[in-house]
Amino acid sequence: MKNLPCTNINLTRITENSRQMKAKCSSLGIELTGVVKGGAGDIRIAEAFLAGGIKKLGDSRLKNIRAFKKAGLEAEYLLLRLPHPGLADEVVELADVSLNSELTTLQALGEAARARNRHHKSIIMIDLGDLREGVLPAEISDFMNSARQISGIEIIGLGTNVGCYGGVLPTPENTRELIELKEQLEADLSAELEVISGGNTATTNLLDQGKMPAGVNHLRVGEGILQGTDITNQREIPGFNQHNITLSAAIIELKRKPSVPRGTLGYDAFGQKPSFVDKGKRLRAILAVGRQDVRIDGLKPCLAGAEIIGASSDHLLLDVTETDVDLTVGDTLDFELDYGGMLSALTSPYLARNYLE
Ligand SMILES: *Cc1c(COP(=O)(O)O)cnc(C)c1O
């Protein structure tokens, strides 16, 4: 019997997406860092990216990069999350390049790099309005003047990230702003900024629309490769494989029950006051998976007619009245995962991993 509940990870489909994303970027002279953080340190997922011809891997966590290196995965490693200055030595040890927006951190990185007799490469992040990480455009000139003084640090370019906190969409206009800043800084500093890291999966929308401003020569893409989707623009990437990572769980109870609870109603296990519509008796399945395993909002049943009606820590309740298959206790049901669902599923220590090749 399959170990349940589990995620099903289709490595071949992830490799195909890696190859396609690489080709899509290469055709416009854009380098690609494959972002594997969604896999939560999964070596086989990172290998699937490399098998698709990707040579640069990005992750937010040093722990994951350490695991990939220990497993012998050869790649250029980009640390995506701004590092803590106290971890500077580990950053210099493990990451070839990091994204930065704080002078204190760059100073610590410079010191760590000098102690190891090397240079650490840095891409300076600029906030173009999404309000997550990055130096504000008005402050970038002063910032660069100071950053360039730090020995041991080699500033290789500028980057930006949109579509994460503020939900700001990448447009030709805000992406072009990055290139204008680069040109202005290059003139002011009389130095070359080689890398223009234009964004994440959301920015691939500009590629597909043929609207990527010239000058962007690097992208950092995770979701688009793992899931073939672009949640910020609410789209599936044309020609890419979707649902490469799914979830399976088993039915442990299957009964006809009323659709409205009996008794005095208080709050549910999560402090919410549930409400119910009386639909009469319904055929309900309880599955052995719950909120402790996965973000329930990120699940969509693959079985037509099945509807999620609730969940507690370790039980998932489905109304299966409208399905047209004969279900029995012990059957396995599959679910599609959105980005949040995938992230939570792959981070859960309770879900087994079933790799498909
Ligand atoms: C997570 C992350 C990415 C990749 O984002 P996707 O939407 O998965 O493509 C790129 N850049 C940074 C800085 C990130 O944190």
Seminar exercise, completed: Of all strands (runs of 3 or more DSSP E) fully inside segment 187-268, the set with 2 or more residues that are away from the ligand (no atom under 16 Å from the Cβ) and of a type outside the set (K, R) is 245-258
For this session: Identify the residue in segment 153-166 that is touching an Asp or Glu at 6+ places or on another chain (Cβ under 9 Å) and within 12 Å of the ligand (Cβ to nearest atom) and, among all such residues, is farthest from I196 (Cα to Cα).
Result: Y165
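Conditions tested, residue by residue: (1) part of a loop (DSSP other than H, G, I, E, B); (2) of a type in the set (A, V, I, L, M, F, W, C); (3) within 13 Å of L287 (Cβ to Cβ); (4) in contact with a strand residue (DSSP E or B) (Cβ under 6 Å, 6 or more places away or on another chain).
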site	(1), (2), (3), (4)
D297	no, no, no, no
K300	no, no, no, yes
A304	yes, yes, no, no
D324	yes, no, no, no
F335	no, yes, yes, yes
M342	no, yes, no, yes
L346	no, yes, no, no
Y350	yes, no, no, no
Y355	no, no, no, yes
For this session: Identify, from the list L327, L303, L299, L333, the residue that is more than 30 Å from G224 (Cβ to Cβ) and surrounded by 14 or more Cβ atoms within 10 Å (Cβ to Cβ).
Result: L327
For this session: Would you be able to tell me the number of residues in segment 153-179 that are surrounded by fewer than 20 Cβ atoms within 10 Å (Cβ to Cβ), touching a helix residue (DSSP H, G or I) at 6+ places or on another chain (Cβ under 8 Å) and more than 19 Å from L206 (Cα to Cα)?
Result: 1
Problem set entry | Residue selected from segment 73-87 under the condition among the aliphatic types (A, V, I, L, M) and within 16 Å of the ligand (Cβ to nearest atom), by the criterion farthest from A112 (Cα to Cα) | A75
Exercise. Only one residue in R132, R114 is assigned by TED's automatic domain parsing to the domain that holds L32, free of Cβ contacts under 8 Å to residues at least 40 places away in the same chain, surrounded by fewer than 22 Cβ atoms within 10 Å (Cβ to Cβ) and in contact with a Ser or Thr (Cβ under 7 Å, 6 or more places away or on another chain). Which one?
Worked result: R114
Exercise. Right, T204: buried (at least 22 other Cβ atoms within 10 Å of the Cβ) and in contact with a Lys or Arg (Cβ under 9 Å, 6 or more places away or on another chain) or not?
Worked result: yes
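The values are calculated or read from the model by the stated rules, or taken from the named source; none is laboratory data. Every value quoted in this text rests on a predicted model; they were computed, and no experiment measured them. Quick reminder, even Gly has a Cβ in these numbers, built from the backbone with ideal geometry, and neighbours come from all protein chains shown.
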